[in-house]
1. For segment 188-210, does any single residue satisfy the condition of being surrounded by fewer than 17 Cβ atoms within 10 Å (Cβ to Cβ) and acidic (D, E)?
2. So which of V92, V106 is in contact with a Ser or Thr (Cβ under 6 Å, 6 or more places away or on another chain) and either buried (at least 17 other Cβ atoms within 10 Å of the Cβ) or in the same structural domain as A236 (by TED's automatic domain parsing) (or both)?
3. Within segment 193-222, track down each residue that is at pLDDT 95 or above, of a type outside the set (F, W, Y) and assigned to a loop (DSSP other than H, G, I, E, B).
4. Determine the pairs where a residue that is touching a residue at least 60 places away in the same chain (Cβ under 8 Å) and in the same structural domain as T184 (by TED's automatic domain parsing), located within segment 195-214, has a partner that is among the β-branched types (V, I, T) and in a strand (DSSP E or B) with Cβ atoms under 7 Å apart, the partner being 6 or more residues away or on another chain.
5. Looking at R114, R174, R168 in this structure, which one is outside any loop (DSSP other than H, G, I, E, B), within 19 Å of the chain's Cα centre (by Cα) and free of Cβ contacts under 8 Å to residues at least 60 places away in the same chain?
Amino acid sequence: MSLVAILTGAGVSTDSGIPDYRGPNGLWRRDPEAEKLVTYDCYLSDPEIRRRSWLMRSTSPAWGAEPNAAHRAIAALERRPGFAVRVITQNVDGLHQRAGIAERKVLELHGTMRSVVCTGCGARSSMAEALARVAAGEDDPPCRVCGSVLKSATVMFGQPLDPEVLARAVAIARAADVFMAVGTSLQVQPAASLVGIAAEHGARLSIVNAEPTPYDGIADEIVRDPIGTALPRLLAALEP
């Protein structure tokens with residue numbers, strides 16, 4: 001049984017209509033100020049940032065997005081005999097699960113956009129409920145339990161990753177026979193370090209990304225072709 005670990009970034013979901021962040025047309029390049037909307041200290045301290053963040057969440061194209069060819073190809077590999085597949089994703093859109101990968105086989109390093117969490121008491125609830133409050137006129141809805149600031153259940157800049165989730169990701173990277181980094185610039189740590197860990201422990205490393213990454217020098221294979229065509233081809237060619 002071959003363990004195939006796939007680290008996915010924003011580039012995997014662009015064919016689903018969700019913009020990436022650091023690509024040629026990425027959100028941060030088009031609007032550097034937008035990064036403040038997902039920076040924890042800015043979010044907590046500035047009500048206007050929070051209002052803009054809630055508007056961004058309300059209008060996100062992710063709500064209408066469907067899994068694309070890359071998501072489906074990963075799900076298809078998971079169903080093939082001889083392969084154990086684990087997805088470690090930097091994405092928060094839930095499209096891997098919607099493509100058919102079991103929840104337990106997907107590690108969401110940066111959390112999920114489908115829930116909200118209170119920054120005060122830690123209470124969690126659905127994003128749908130929070131967005132309904134925004135639509136009803138609350139431009140910065142507070143926690144219903146304690147009145148503190150609500151945020152999406154995603155990891156913002158300035159917040160640490162969940163240590164348990166990160167530990168599981170490291171264990172997968174160490175055990176992988178094949179490790180693929182797909183649609184990620186590999187500039188955000190500690191997620192990017194998983195590539196080096198996998199390579200150090202003997203995994204065959206493939207990087208599928210339109211632009212160069214800091215880890216290209218240790219990769220066994222670098223693919224610049226569009227992810228929607230390249231990833232299905234690469235996964236179909238894998239042998240247990």
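The values are calculated or read from the model by the stated rules, or taken from the named source; none is laboratory data. Just so it is clear, the structure is predicted and the values come from calculations on it, not from any experiment. Cβ: placed from backbone, ideal geometry, glycine included. Neighbour counts: every protein chain shown.
1. yes
2. Details: V106 fails: in contact with a Ser or Thr (Cβ under 6 Å, 6 or more places away or on another chain).
Unique residue meeting the criteria: V92.
3. Across segment 193-222, the qualifying residues are H201, G202, A203, N209, P212, T213, P214, A219, D220.
4. Note: pairs meeting the criteria are A203/V178.
5. R114
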